[in-house]
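Heads up: the structure comes next, in structure tokens.
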Amino acid sequence: MLALLCGGQGTLSDKTFDLVAQEPAATPVFAAATAWLGEDPREFVRTRSAEELSENRVSQILTVTSTIAIHTCVADLLADQTAVTGYSVGEMAAWSIAGIWTAAEALRLTGIRARQMDRVAGPNGRLGYVRGLNRTALQPLLEKYRCEIAIRNPDLLFVVGGAEHDVIGLCRDATTHGAARSGLLAVRIASHTPLLDQACAPLQQALADSRHSAIASQRILLAGGDGERIFSVSNATAKLACQVARPIDWAATLEALAELGVDRVLDLGPGHALAEMMQGLFPSIRCYAADGFHRIDGLRSWLLAE
């Protein structure tokens, strides 16, 4: 079984849309994103600085646009049952790929998600990462710097969130406590921590009121936060909404995919971090990232050959 992984924020560049920029199938997705950005996303990434691309609302919309656009260009090849899940905001794209939302509706709701997060987060939030410390070793640093674990990834890789100066301090001290690496991520908001609790209720209402369909029969949708299979849209909107203020256990989600019998993975990006995580955790699973292809024909050939 193939699994599609939808990436989160942090890997945008002027080349983000190169793979599908000229593909007719992606045109409606770019048009929908233009309505929310005020500019064609293909032009947007070419004319903005890295700092502008990391702005929360912009980053979320561009990330979801990229993922859905790539999927749209290969969707006709995915007739067999396919699993799909998403990392952080990538879960918004995953719900669209699962058939719940159109691309336009997914992007509208992504804009609402970002707006609600910004409304309650304040201007000084940040995410950072620490690799090489277990939870017990990391806990004193979390307490000292008033930070929270935002995401648990495989291979002792934790994403931490809090006020920017606290995250900087934690990342600086982590290396002196034995961390292999640590540093800031290009996400300027403390996503997946209790600092965003007040965003949950209004976001849940927006998701509940969305124009949606049932999950497509050929899709298996897993929650990105813990790998739980989603059967009912109405029963899952609260969990998706509260994802912005709750820690994500991405390692558990990858384990759930393996338990489903997934034997190959396509990371739709942006970037290739999710494919690398899956490959590291389960070396026998064939993993590839759309980011590794220069032309959409190459990606389509890979899907057909597997």
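The values are calculated or read from the model by the stated rules, or taken from the named source; none is laboratory data. Here the structure is a predicted model, which means the values were calculated and not measured. Here Cβ is always computed from backbone atoms with ideal geometry, including for glycine, and neighbour counts include all displayed protein chains.
Listed here are the residues, each with its yes/no results for (1) among the hydroxyl-bearing types (Ser, Thr, Tyr); (2) surrounded by fewer than 24 Cβ atoms within 10 Å (Cβ to Cβ); (3) under 21 Å from the mean Cα position of the chain (by Cα).
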{"residue": "Glu105", "(1), (2), (3)": "no, yes, yes"}
{"residue": "Asn124", "(1), (2), (3)": "no, yes, no"}
{"residue": "Leu127", "(1), (2), (3)": "no, no, yes"}
{"residue": "Gln139", "(1), (2), (3)": "no, yes, no"}
{"residue": "Lys144", "(1), (2), (3)": "no, yes, no"}
{"residue": "Leu156", "(1), (2), (3)": "no, yes, yes"}
{"residue": "Arg172", "(1), (2), (3)": "no, yes, no"}
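Out of Ala256, Ala241, Ala251, Ala236, I need the residue that is assigned by TED's automatic domain parsing to the domain that holds Pro41 and in contact with a Ser or Thr (Cβ under 9 Å, 6 or more places away or on another chain). Which one?
Testing whether each residue is assigned by TED's automatic domain parsing to the domain that holds Pro41 and in contact with a Ser or Thr (Cβ under 9 Å, 6 or more places away or on another chain) leaves just Ala256.
Quick one: would you say Ser217 is surrounded by fewer than 17 Cβ atoms within 10 Å (Cβ to Cβ), free of Cβ contacts under 8 Å to residues at least 24 places away in the same chain, within 30 Å of Leu2 (Cα to Cα) and among the small types (Gly, Ala, Ser)?
Numbers: surrounded by fewer than 17 Cβ atoms within 10 Å (Cβ to Cβ): yes; free of Cβ contacts under 8 Å to residues at least 24 places away in the same chain: yes; within 30 Å of Leu2 (Cα to Cα): yes; among the small types (Gly, Ala, Ser): yes.
Here the answer is yes, as Ser217 does meet what is asked.
Residues of the stretch 68-99 being touching a residue at least 60 places away in the same chain (Cβ under 8 Å) and more than 17 Å from the chain's Cα centre (by Cα), which ones?
Cys73, Val74, Leu77, Leu78, Ala79, Asp80, Gln81, Thr82, Gly99, listed by residue number.
Give all pairs with beta carbons closer than 9 Å in which a residue from the stretch 116-130 that is free of Cβ contacts under 8 Å to residues at least 12 places away in the same chain meets a residue that is among the basic types (Lys, Arg); count only pairs at least 6 apart in sequence or on separate chains.
Short answer, once both residue conditions are applied: Pro123/Arg188.
For the condition among the small types (Gly, Ala, Ser), within 16 Å of Gly292 (Cα to Cα) and either in the same structural domain as Ala256 (by TED's automatic domain parsing) or without any contact (Cβ under 8 Å) to a residue 24 or more places away in the chain (or both), what is the one hit in Ser13, Ser49?
Result: Ser13 is the single residue among Ser13, Ser49 that is among the small types (Gly, Ala, Ser), within 16 Å of Gly292 (Cα to Cα) and either in the same structural domain as Ala256 (by TED's automatic domain parsing) or without any contact (Cβ under 8 Å) to a residue 24 or more places away in the chain (or both).
Restricting attention to the stretch 1-11, which residues are over 18 Å from Ile97 (Cβ atoms) and either over 12 Å from the mean Cα position of the chain (by Cα) or part of a strand (DSSP E or B) (or both)?
Once the filter is applied, which keeps residues that are over 18 Å from Ile97 (Cβ atoms) and either over 12 Å from the mean Cα position of the chain (by Cα) or part of a strand (DSSP E or B) (or both), the stretch 1-11 yields nothing.
Okay, residues lined up against (1) assigned by TED's automatic domain parsing to the domain that holds Glu51; (2) in contact (Cβ under 8 Å) with a residue 40 or more places away in the chain; (3) more than 18 Å from Met277 (Cα to Cα):
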| position | (1), (2), (3) |
| --- | --- |
| Glu148 | no, yes, yes |
| Arg152 | no, yes, no |
| Asp155 | no, yes, no |
| His165 | no, yes, yes |
| Gly169 | no, no, yes |
| Ala174 | no, yes, yes |
| Ala180 | no, yes, no |
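Looking at (1) surrounded by fewer than 17 Cβ atoms within 10 Å (Cβ to Cβ); (2) within 19 Å of the chain's Cα centre (by Cα), which is the one condition that is false for Ala223?
It is condition (1) that Ala223 fails.
Quick check, is Glu43 surrounded by fewer than 22 Cβ atoms within 10 Å (Cβ to Cβ), assigned to a loop (DSSP other than H, G, I, E, B) and at pLDDT 95 or above?
no
Can you tell which of Leu203, Leu266 is buried (at least 21 other Cβ atoms within 10 Å of the Cβ), at pLDDT 95 or above, among the hydrophobic types (A, V, I, L, M, F, W, C) and part of a helix (DSSP H, G or I)?
Matching residue, one of Leu203, Leu266: Leu203.
Could you please find all residues in the stretch 25-47 being among the polar types (S, T, N, Q) and under 15 Å from Asp14 (Cβ atoms)?
Selection gives Thr47 alone.
When the residues of the stretch 275-306 are filtered to those that are over 18 Å from Leu19 (Cα atoms) and within 19 Å of the chain's Cα centre (by Cα), which remaining residue is surrounded by the most Cβ atoms within 10 Å (Cβ to Cβ)?
Met278
Checking Asp226 against (1) in contact with a Phe, Trp or Tyr (Cβ under 8 Å, 6 or more places away or on another chain); (2) part of a loop (DSSP other than H, G, I, E, B); (3) acidic (Asp, Glu), which test does it fail?
Asp226 satisfies every listed condition except (1).
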